[in-house]
Every structure is written in structure tokens, then in C-alpha cells.
1. Is it the case that residue 89 is without any contact (Cβ under 8 Å) to a residue 12 or more places away in the chain, part of a helix (DSSP H, G or I), hydrophobic (A, V, I, L, M, F, W, C) and surrounded by 10 or more Cβ atoms within 10 Å (Cβ to Cβ)?
2. Just a yes or no: is a residue in segment 103-123 open to solvent by 100 Å² or more (accessible area, probe 1.4 Å), closer than 26 Å to residue 174 by Cα, modelled with pLDDT of 80 or more and in a helix (DSSP H, G or I)?
Amino acid sequence: MYDTLILAAGDEVNPVIPHTSEIILGLVAFLLLFFVIKKFVSPRFEALYAERTAKIEGGIEKAEQAQADAQRTLEQYKEQLAEARAEAARIRDDARAEGLQIVEEMREQAQAESARIIAQGQHQLDAQRAQIVAELRADLGRTAVELASKVVGESLEDESRRRGTVDRFLNELDAVAAPAGK
């Protein structure tokens, strides 16, 4: 039974192999579709592909340009930072030098003021000393005249005598005091 079916099928058309008209119709449809794709679809895809490629390359160029700009800006920033640091160091050194100069000027002013105060004090001391010496001379002269009057027993009221005696006495005292003071 199976043998008869196989023999009968041999006379019939094979379902796996298409008819010639179907092959021709399929080939015409394929060529028509190929022509439409080649003529209309493929150029659009090529245009889109070229546009996309240009955008990507443009984006890459922009990115490279932006990176180059960023690098230049970074270099400028580094230069400005180095200049700012150098300027700060110079300002700091100038301030330190100015501070030392101010301290030195203040020291000189203080020394000058100190010398002035000492000189003024010395001058006041000399003036007071001279005043005290004059007062002591006058007191000592009066006391000496009184004592001399009592010792001598005569009055030394005469002004010229009294002055001569007092001056001579004080000069003798100065002469005795000068070697002892030195």
C-alpha cells in the first residue's frame, strides 16, 4: 500500500519544488522590491547614516574643542594662581619689611624721645641743683656771717665785707669739696 502511494506520487507534481510561473512571479516581485529599496529606501538610510555620522563627528569635534578650551582655561587658571601666590608672597615680604622698618623707626623715635626726656630731666636736675646750691650758699652765707660775727665779736653787717667773707668761705668749701667729689 505504501508502495502504490509512492508510485502514484511520482506522477504528481512535487510540492516542495515551486511552479515555474511562481518562480518568475517571485523573481519579478523581488526585483521590483529590490529596485524600490535601492531607489528610495537605501538613499534615505544612507542620508540618515551620513547625518548621524556627521552629528557624532561634530559632537566629537565639539567635545575635543571643549576639552582643549577647558585645558587652556586650566592652564590660565594655574598661571593666575601662580601669579597670585607670587604676588601674595611679595606682598607678605613687603609687609614684613615695612613692619621691620616701622619697628626700627619706632625704636629710633623711642630712643630719641628717651634721650630728649633724659636731657630734659638732666637739665631740670641741673637747674634744681643750681637753685639748691644758691639757696644753700645764701643760707650758709648768713649762717657763716652770724657765726663769724659771734666769733669775731664784731658786726659784719657791712655788705661788701660780708660778701667778701662769704665768697671766700664758699670758695674754700668748693675747693675742698671738688677733690672729694672727683
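The values are calculated or read from the model by the stated rules, or taken from the named source; none is laboratory data. Just so you know, these numbers come straight off a predicted model, no measurement behind them. All Cβ positions, even for glycine, are placed from backbone atoms using ideal geometry, and neighbour counts span all protein chains on display. Ligands, DNA and RNA are stripped out before the accessible areas are found, and what is left, the full protein with its side chains, is counted by its heavy atoms. Shrake-Rupley method; radii C 1.70, N 1.55, O 1.52, S 1.80 Å.
1. Yes; evaluated as a whole, the condition is true for this residue.
2. Yes, some residue in segment 103-123 is open to solvent by 100 Å² or more (accessible area, probe 1.4 Å), closer than 26 Å to residue 174 by Cα, modelled with pLDDT of 80 or more and in a helix (DSSP H, G or I).
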